[in-house]
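Visitor: Encoded as C-alpha cells, here's the structure I'll be asking about.
The values are calculated or read from the model by the stated rules, or taken from the named source; none is laboratory data. Because the structure is predicted, anything quoted here is derived from the model rather than measured. Cβ: placed from backbone, ideal geometry, glycine included. Neighbour counts: every protein chain shown. The protein model used for the area step is the full one, side chains on, heavy atoms only, and it has no ligands, DNA or RNA in it. Shrake-Rupley method; radii C 1.70, N 1.55, O 1.52, S 1.80 Å.
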Amino acid sequence: MRSVQVPLGDRSYTIHVGNGLLSKLGDHCRRLKLGERCVIITDSNVGPRFADAAVRALKMAGFVPSIITVAAGETAKSLKVVGECYDQLAMKRLERKSFIVALGGGVVGDLAGFVAATYLRGIPFVQVPTTLLAQVDSSVGGKVGVNLKAGKNLVGSFHQPKTVLCDLEALTALPEREYRSGLAEVIKYGVIKDADLFRRLEREMDRVLKRDGPTLANIIARCCTLKAEIVAADETEGGVRALLNFGHTVGHGLEAISGYGEYLHGEAISIGQVAAARLSARLSGLPEKDADRIHDLFVKAGLPVTLKLAPKKREALFEAMRLDKKVSGGELKFVLAQSIGEAAWGQRVPDAEINLVLNTLAGGDPARP
Ligand code: GLY
C-alpha cells in the first residue's frame with residue numbers, strides 16, 4: 001500500500017492507494033476516531049457491487065452504518081437530490097460526530113461531500129472512490145458541490161475528507177469507457193506539472209489500458225502526490241490550483257450544452273485539453289509538435305479529440321463557458337501550457353482564437369467555421 005499526505009494543518013489527511021482497502025474501511029475510520037453512526041452514500045451502479053462489503057467492514061469495527069442509494073449518473077449532482085439526502089440523514093438521526101462515506105465515482109463524491117459540508121453546518125466524511133477519475137482527481141482536495149441547469153459545479157464548498165481510500169480492486173470491474181475517461185485526468189497531470197509522467201504515459205499506455213496492477217498503483221499514487229502538492233499550496237483556488245482546470249473551460253461548457261449526458265467528464269475534458277493545447281501553441285509558446293503529442297496521447301488512450309458543432313451549438317458553448325467561473329472583463333480565461341509539464345493559469349483568450357481552434361477540432365480550415 002502507498003500513502004500520500006495532504007498537509008493542510010488540522011485538516012490534513014492521508015490518501016491510501018492499494019488493493020483490498022474497502023475491507024479495511026472500518027479500521028481506517030476507527031483510527032480517525034469518527035462517531036459511531038454513519039451513512040454510506042452510493043449510487044445504483046456501485047452500491048450493488050460494493051455497499052455490502054463497506055457495511056461489513058464498518059460493522060466489524062463497531063460502527064452503525066446505513067445506506068443511501070442515488071440514481072447513477074450526473075443528474076444526481078442536483079439540489080433536489082441533496083434535499084432528499086438531508087431528509088434521510090435527519091430520519092437516520094445523524095449527529096455532528098456522525099460521518100458520511102462517499103462510495104462511488106466523482107458524482108457520488110461531489111454530492112456526498114456537499115451533503116457532509118452542509119448538513120448540521122458540516123460533518124466529517126470519508127472518500128472511497130471507485131473510479132479512476134475519482135481516485136486521481138475528484139476525491140482529493142475537498143472540492144464538493146452540485147450542478148445547476150446553467151452550469152457544472154455552480155453550487156459548492158470546500159470540505160476536506162478525513163481520509164481517501166483508493167482501492168485498486170474497484171478498478172478491475174470498471175466499464176472500459178469510464179476507465180478511459182479517468183485517463184483524461186491522468187494525462188492532464190503530465191501536461192500541467194510532470195513531463196516525466198507524460199513521457200511515461202506515452203511509453204506505457206498499452207500497459208495502462210490493460211490495467212496492469214503495479215503500473216496503475218504507481219501512476220495513481222503519482223497523480224495523488226501531484227494533486228496533494230497543488231492543494232496544499234492553494235486549498236481554495238486563489239492561484240496555482242487553477243492549473244487543474246486545464247481543458248476544463250471547453251470541457252465543462254461541452255458537458256453543460258449536451259445536458260450532462262452525451263459526454264463523460266473525461267471525454268469532455270479530453271476534447272477540452274486538445275483545444276487548450278492548440279490554443280497554447282498559438283498563444284503561449286507551446287511547440288506545435290508538443291501540441292501534437294498531447295493530441296496523440298489522448299488518441300492512444302481512446303479518448304475523443306474532435307468536435308463538430310452546429311453554429312447554434314457553438315454559440316451555446318460560448319455562453320456556457322462564460323458561466324463557468326472562468327471569465328475576466330468579459331474575456332474567457334484559460335489554463336495554457338508553455339511546454340509539456342509547465343502551464344500557467346488565468347490566460348485571457350479572445351473569442352476569435354477560440355473560434356479558430358474550434359474550427360480545427362471540427363477538422364476544417366481554421367479560418368472558416
Ligand atoms: N478537480 C479540480 C480541483 O480539484 O481543483
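Visitor: Order the peptides 139-145, 127-133, 76-82 from the highest to the lowest mean number of other Cβ atoms within 10 Å of their residues.
Guide: Highest-to-lowest ranking by the protection proxy: 127-133, 139-145, 76-82.
Visitor: What angle do you read, to the nearest 10 degrees and between 0 and 90, between the alpha-carbon axis of helix 176-193 and the longest principal axis of the chain?
Guide: With rounding to tens, the tilt is 70 degrees.
Visitor: Also: Looking at the square roots a ≥ b ≥ c of the eigenvalues of the Cα gyration tensor of the range 57-141, which shape do they give, rounded for a/c under 1.5, prolate if a/b is larger than b/c, or oblate?
Guide: Cα axes put the range 57-141 in the oblate bin.
Visitor: Going by alpha carbons, how many degrees (0 to 90, nearest 10) lie between the helix axis of 79-91 and the longest principal axis of the chain?
Guide: Relative to the chain, helix 79-91 is tipped by roughly 10 degrees.
Visitor: For Gly104, list long-range residues whose amide hydrogen, built 1.01 Å from N in the peptide plane, is under 5 Å from its own amide hydrogen.
Guide: HN-HN under 5 Å from Gly104: Val128, Thr130.
Visitor: Assign one of three labels to the range 1-157, namely rounded, prolate or oblate, based on the Cα gyration tensor with a ≥ b ≥ c the square roots of its eigenvalues; rounded applies when a/c is under 1.5, prolate when it is not and a/b is larger than b/c, and oblate otherwise. Intermediate values should be presented prior to the final figure.
Guide: On the way: a/c = 1.35, a/b = 1.20, b/c = 1.12.
Judged from the Cα gyration tensor, the range 1-157 comes out rounded (a/c under 1.5).
Visitor: Pick from Pro175, Pro65, Pro161 the residue whose mean-square fluctuation is largest in a GNM of the chain, springs joining Cα atoms under 10 Å.
Guide: Result for the chain, Cα springs under 10 Å: Pro175 fluctuates most.
Visitor: In debye, nearest 20: dipole of the chain around its Cα centre with unit charges on the Cβ of K, R (+) and D, E (-)?
Guide: Around 720 debye, computed over the chain.
Visitor: From the residues Pro161, Ile67, Tyr179, which one has its Cα farthest along the dipole of the chain in the positive direction, the dipole being from +1 and -1 charges on Cβ of Lys/Arg and Asp/Glu about the Cα centre?
Guide: Ile67
Visitor: Same structure, new question: Out of all DSSP beta bridges with both ends in the range 29-169, state the antiparallel percent to the nearest 5.
Guide: If I count the DSSP bridges inside the range 29-169, around 25 percent turn out antiparallel.
Visitor: On C-alpha positions alone, give me the angle between the axis of helix 311-322 and the longest principal axis of the chain, in degrees, nearest 10.
Guide: 60
Visitor: Follow-up. Report, largest value first, the span of the C-alpha coordinates of the chain along each principal axis, in whole Å.
Guide: 64, 40, 36
Visitor: Skipping prolines and chain starts, which residues have an amide H placed within reach, meaning under 5 Å, of the one on Ile68, given they are 5 or more residues away or on another chain?
Guide: Amide H neighbours of Ile68, under 5 Å, 5+ apart: Ile40, Ile41, Thr42.
Visitor: Name the residues of the range 258-284 whose amide N is less than 12 Å from a point 7 angstrom out from the Cα of Asn355 along the C-beta direction?
Guide: none
Visitor: Shape call for the range 195-278 from the C-alpha gyration tensor, a ≥ b ≥ c root eigenvalues: rounded (a/c under 1.5), prolate (a/b greater than b/c) or oblate?
Guide: Oblate.
Visitor: Sorting check: for 186-193, 17-24, 308-315, 221-228, which peptide has the highest mean count of neighbouring beta carbons within 10 Å, and how do the rest follow?
Guide: Averaged packing, sorted descending, gives the order 186-193, 221-228, 17-24, 308-315.
Visitor: In Å², what does the accessible area per residue of the range 192-278 work out to with a 1.4 Å probe?
Guide: Accessible surface, normalised per residue, equals 32 Å².
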